[in-house]
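Have a look at the structure below, then the notes.
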Amino acid sequence: MDDRNAPRTGTSAARATIGKVDAHMNADPAVRTMFVLCTGILTLAALYFARTILAPVAFSLFIIAIVWPLQSALGARAPKLLALAVTILTTLAVIAVLGSLMVWGFSRIGQWLVNNGARFQTLYLQANDWLEGHGVSIASQMIEIFNVGWIIRAVQEIGGRIKDLVFFAVITFAFTVLGLLEVDIARRNIERLKSREIGHFLLRAGKDIAAKLQMYMIVRSVMSVLTGSVVWGFALLAGLELATAWGVIAFVLNYVPFIGPLVATVFPTLFALAQFESWQLAVIVFLCLNLIQFLIGSYFEPRIAGATLSVSPFLVLFAVFFWSFLWGIAGAFIGVPIVIAILTICDHHESTQWVATLLSGRDRTPARPTRAQ
């Protein structure tokens with residue numbers, strides 16, 4: 001009898017303990033705050049240490065939300081597997097085109113470097129003479145840093161990065177294919193939930209998240225094309241060599257918020273310094289490119305997106321660097337969509353609507369009623 005009652009007694013004791021903890025948390029705000037902080041820290045730690053799996057899953061969910069309209073339209077006119085194959089091939093083709101453009105742009109830059117290495121050598125000698133004239137010697141430090149061991153470590157690092165990228169791409173591809181096959185099944189299972197309220201909430205929130213992510217990619221694509229075109233035109237007017245390559249690189253890198261435009265700004269500035277051999281002109285190029293990125297990314301893009309996304313620019317910047325810290329380059333790209341999804345969920349629940357309002361970056365002050373004449 002004692003053995004039979006042991007499990008029930010243990011369960012009852014656990015429930016009683018949980019009840020006491022809940023009561024104590026409700027009675028003491030400090031305990032509740034500490035519990036929330038500890039839960040948040042543990043969640044962030046789990047996201048960091050499980051990034052190998054969670055990052056591809058998040059990326060695949062993002063891709064599914066973007067390409068699902070194509071999959072749904074094809075599925076209504078063709079067999080499901082054929083629609084899936086066409087959707088996957090179209091997605092891979094778009095990614096391949098963007099990757100090819102990036103490779104082409106940097107290959108042109110590499111070729112220019114090989115043909116104009118003497119310019120950088122001259123700049124290095126001038127900088128070395130200027131620093132030595134002020135009592136700073138960089139030649140010995142460069143020899144210590146850039147030795148054979150450094151080259152070996154660099155090659156190993158590049159190899160490790162390529163290996164991680166291949167693994168990430170394979171896992172993301174597998175999750176995307178399986179996810180596209182199960183979207184309709186998941187929707188029907190949600191519709192069959194006993195709790196109609198939860199089912200409607202999940203369906204409404206999921207549909208709204210997908211619509212916002214699609215709008216996010218449309219706006220990002222239009223702004224990327226505009227950024228690349230303006231950078232190309234500016235490079236032509238400024239007489240900067242490789243104008244087409246700079247425009248292509250600015251177009252592709254603009255898909256990564258803040259970090260991509262920063263890289264697309266720094267590289268042309270360094271090449272302007274080597275081409276014009278004038279730091280004043282290089283500073284002008286840097287300022288003009290930053291002005292272009294600022295006007296398009298911080299002025300035109302938020303207004304074109306309008307109230308559809310409603311994300312504070314401060315939060316966008318924080319999301320890019322925060323998720324970059326957690327998940328690397330993939331986090332820099334997927335960070336903003338994750339924030340959009342979280343804010344959309346908050347906006348669909350009455351108790352958390354204040355979070356979406358607070359972080360929207362928009363003035364939602366209700367209009368004052370006009371007085372009757």
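The values are calculated or read from the model by the stated rules, or taken from the named source; none is laboratory data. From a predicted model like this one, the values you see are computed outputs, not experimental measurements. Quick reminder, even Gly has a Cβ in these numbers, built from the backbone with ideal geometry, and neighbours come from all protein chains shown. Heads up: the accessible areas ignore ligands, DNA and RNA and are worked out on the full protein's heavy atoms, side chains in. Shrake-Rupley method; radii C 1.70, N 1.55, O 1.52, S 1.80 Å.
Structure values in brief
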| item | result |
| --- | --- |
| Sole exception among (1) open to solvent by 20 Å² or more (accessible area, probe 1.4 Å); (2) in a helix (DSSP H, G or I); (3) under 23 Å from residue 99 (Cα atoms) for residue 246, by number | (1) |
| Candidate set: the range 210-229, residues that are polar (S, T, N, Q) and open to solvent by 20 Å² or more (accessible area, probe 1.4 Å); chosen: the one nearest to residue 309 (Cα to Cα) | 214 |
| The one condition in (1) part of a helix (DSSP H, G or I); (2) open to solvent by less than 60 Å² (accessible area, probe 1.4 Å); (3) of a type in the set (A, V, I, L, M, F, W, C) that residue 37 fails to fulfil | (2) |
| Test for residue 278: is it over 11 Å from the mean Cα position of the chain (by Cα), of a type in the set (Gly, Ala, Ser) and surrounded by fewer than 16 Cβ atoms within 10 Å (Cβ to Cβ) | yes |
| Which listed residue, of 73, 78, 46, 58, is open to solvent by less than 40 Å² (accessible area, probe 1.4 Å) and part of a helix (DSSP H, G or I) | 58 |
| Residue under evaluation residue 361, criteria (1) part of a loop (DSSP other than H, G, I, E, B); (2) touching a helix residue (DSSP H, G or I) at 6+ places or on another chain (Cβ under 7 Å); (3) small (Gly, Ala, Ser); (4) at pLDDT 70 or above, criterion not met | (4) |
| Any hit, the range 254-262, residues being farther than 21 Å from residue 96 by Cβ, modelled with pLDDT of 90 or more and open to solvent by less than 20 Å² (accessible area, probe 1.4 Å) | no |
| Within the range 166-178, tally of residues that are surrounded by 13 or more Cβ atoms within 10 Å (Cβ to Cβ) and modelled with pLDDT under 90 | 2 |
| Residues located in the range 329-357, provided they are of a type in the set (Gly, Ala, Ser) and open to solvent by 30 Å² or more (accessible area, probe 1.4 Å) | 351 |
| Sole residue being among the β-branched types (Val, Ile, Thr), under 17 Å from residue 333 (Cβ atoms) and in contact (Cβ under 8 Å) with a residue 60 or more places away in the chain, chosen from 88, 63 | 63 |
| Among residues of the range 287-342, those that are assigned to a helix (DSSP H, G or I), over 24 Å from residue 228 (Cα atoms) and at pLDDT below 75, counted | 2 |
| Test: residue 266 is surrounded by 19 or more Cβ atoms within 10 Å (Cβ to Cβ) and either modelled with pLDDT under 90 or closer than 28 Å to residue 348 by Cβ (or both) | no |
| Tally, over the range 190-209, of residues that are touching a residue at least 60 places away in the same chain (Cβ under 8 Å) and surrounded by 19 or more Cβ atoms within 10 Å (Cβ to Cβ) | 1 |
| Residue count for the range 230-241, restricted to those that are open to solvent by less than 60 Å² (accessible area, probe 1.4 Å) and part of a helix (DSSP H, G or I) | 6 |
